[in-house]
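Undergrad: Please find one structure pasted underneath; my questions will follow.
Rule-based calculations on the coordinates, nothing more; no lab input. The shown structure was predicted, so the numbers you read here are calculated from the model rather than taken from an experiment. Every residue, glycine among them, receives a Cβ derived from its backbone with ideal geometry; neighbour counts consider all protein chains shown.
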């Protein structure tokens, strides 16, 4: 009797072929993207999304062509922060145009189509038992977005990841070209979670880590002051791309979706520019 | 998943896929040698797994029978949807070429894209959406 592998094809359902076609469409859609960089952590609340946007701005200021994909479908924040909450998805002749910030950063975020008062919901045949299929569906959705939108020619596509060490690994598997930047804060709890993410990712795909909220910038005295009492430096065994202090003015602008292009030169903007430089060097 | 007709030792071919009924698909396979038919009846979890992959199931060459239509349709509450009690906005006509371009938008966000473009068109005084209006929307939003 024939076994599974003796039979060519699957009798007409073409499930495997369709999955392969989806992958080919994604590869095709990203053909013009030089670097895919996922900003992750494992830990929530460390400032992945704000750092993604700020780094994108710093890289854009260096003349690079940048887009952001907000992969946190369940808690999208890039639309608000980047000021594209009201943007339309307008179809071109082949692909869908990407909403852009005033300084030309392309941004896809579910926040452009889902009001903050609503949640992402999927229709289900399985009677609400979403723990059995939800992750698969979210990755299919990610694939659809990558294939349908017009990413064009980019130096970097920055992917703002959702929290969760296991999700970080799933993105590494789903997008084999992606490099990773991990974000931590000077807290032992956050560092512990990030250390787990480091162990789960292939080392050669981690560009390094950024320590966010490394003190805060006081505009009154033009100084960086401590936020966390954490004297030990992290020892992840990966390069440190820099430390970025918290800046209440940047946070205010993000909340309001105000442009970050006209920021004064401060220790924070210099720190971000330094991380951007290190990131580019790490990728090259 | 493949099906084998054991007496003929021959791979069976997919014939028809029935529309989902209470979460179950009826997928009929037949043996090209002896014509024997079987039906695979999926449970809701099996249907959902296939849906979640974003694939459709149907016989090769024929009209594809979806597992349940677009796996994404209807999952996002439409932003800017009509509010009950308010007068419906004046209808906007889409040309065939503009509709064809709209089909490039993934199904899960197409209703919102349509609503948003129609709103943009009305605000700009257009009551027919053609490719020129779509290009105008792209320009307006700096795309």
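Undergrad: Which whole number gives the average, over all residues in B:102-112, of C-beta atoms from other chains lying within 10 Å of the residue C-beta?
TA: Counting other chains' Cβ atoms within 10 Å and averaging over B:102-112 gives 6.
Undergrad: Given the options A:17, A:150, A:138, which has the most mean-square fluctuation in a GNM of chain A, springs set between C-alpha atoms less than 10 angstrom apart?
TA: Top of the fluctuation ranking is A:17.
Undergrad: Moving on. Mind giving me the nanometre distance, one decimal, between the label points for residue A:103 and residue A:219, set 7 Å out from Cα along Cα→Cβ?
TA: Taking the simple label geometry, residue A:103 and residue A:219 are separated by 1.7 nm.
Undergrad: Given all pairs of different Cα atoms, what value in angstroms does the Kirkwood hydrodynamic radius of segment A:140-284 take? Working shown, then result.
TA: On the way: mean 1/r = 0.0589 Å⁻¹.
That comes to 17.0 Å for segment A:140-284.
Undergrad: Considering Cα pairs under 8 angstrom that are at least six residues apart, work out the relative contact order of chain A and quote it in whole percent.
TA: For chain A, the relative contact order is 26 percent.
Undergrad: Please identify, among A:231, A:115, A:186, the residue showing maximal mean-square fluctuation in a Gaussian network model of chain A using a 10 angstrom Cα cutoff.
TA: A:231
Undergrad: Helix A:267-283 sits at what angle to the longest principal axis of chain A, using alpha carbons and giving 0 to 90 degrees rounded to 10?
TA: In chain A, helix A:267-283 runs at an angle near 40 degrees to the longest axis.
Undergrad: If you count, for every residue in A:124-136, the Cβ atoms of partner chains within 10 Å of its Cβ, what is the mean? Don't skip to the end; give the middle numbers.
TA: On the way: counts 9, 18, 10, 5, 0, 3, 2, 0, 5, 8, 2, 1, 7.
That works out to 5 on average.
Undergrad: Could you work out the Kirkwood radius for segment B:4-52, taking every pair of different alpha carbons, averaging 1/r and inverting it, reported in Å?
TA: Over segment B:4-52, the inverse of the mean reciprocal pair distance is 11.5 Å.
Undergrad: Using alpha carbon coordinates only, what is the Rg to Rh ratio of segment A:118-185, with Rh defined as the Kirkwood radius?
TA: Computed over Cα atoms, the ratio is 1.00.
Undergrad: Which of these, A:192, A:242, A:128, has the largest mean-square fluctuation under a Gaussian network model of chain A (Cα springs below 10 Å)?
TA: A:128
Undergrad: Would you please state which residues of segment A:162-196 a label at residue A:277 would reach in this model, taking the label point 7 Å out along Cα→Cβ and a backbone N cut-off of under 16 Å?
TA: In segment A:162-196, the label zone of residue A:277 (backbone N under 16 Å from the point 7 Å along Cα→Cβ) covers no residue.
Undergrad: Right, another one. Just counting partner chain Cβ atoms within 10 Å, what average do the residues of peptide A:107-113 show around their Cβ?
TA: So the per-residue partner count for this stretch is 3.
Undergrad: I need two numbers for the protein assembly as shown: Rg to one decimal and Dmax as a whole number, Cα atoms only, in Å.
TA: Every Cα atom of the protein assembly as shown included, Rg and Dmax give 24.4, 87 Å.
Undergrad: For segment B:100-143, how big is the tail of P(r) above 12 Å, as a whole percent of Cα pairs?
TA: 61 percent
Undergrad: Right, here's the next one. Specify the angular offset, from 0 to 90 degrees and rounded to the nearest 10, of the alpha carbon long axis of helix A:15-29 from the longest principal axis of the alpha carbons in chain A.
TA: Value to nearest ten degrees: 40.
Undergrad: Could you give the C-alpha radius of gyration of segment A:34-283 expressed as a fraction of 2.2 N^0.38 Å, taking N as the number of residues it contains?
TA: In units of the 2.2 N^0.38 Å rule of thumb, it is 0.99.
Undergrad: Using the 10 angstrom Cβ neighbour count as an exposure proxy, how do A:255, A:273, B:135, A:247 rank, fewest first?
TA: Least to most surrounded, the residues fall as A:255, B:135, A:273, A:247.
Undergrad: For a quick check: sort B:38, A:185 by the number of other beta carbons within 10 angstrom, fewest at the front. Intermediate results must be reported in sequence, preceding the final value.
TA: Working: B:38 13, A:185 23.
Least crowded to most crowded, the residues run B:38, A:185.
Undergrad: At a 10 Å Cβ-Cβ cut-off, how would you order A:284, A:188, fewest neighbours first? Write out the running numbers ahead of the final one.
TA: Values: A:284 7, A:188 10.
Lowest to highest Cβ neighbour count: A:284, A:188.
Undergrad: Quick one: if you stick a label point 7 Å off each Cα along the C-beta vector at residue A:204 and residue A:262, how many nm between them?
TA: Label at residue A:204, label at residue A:262, 4.8 nm between them.
Undergrad: So if I restrict to the alpha-carbon atoms in segment A:1-118, what is the Rg, and what is Dmax, the biggest pairwise distance, in Å?
TA: In order Rg, Dmax, the Cα atoms of segment A:1-118 give 19.0, 65 Å.
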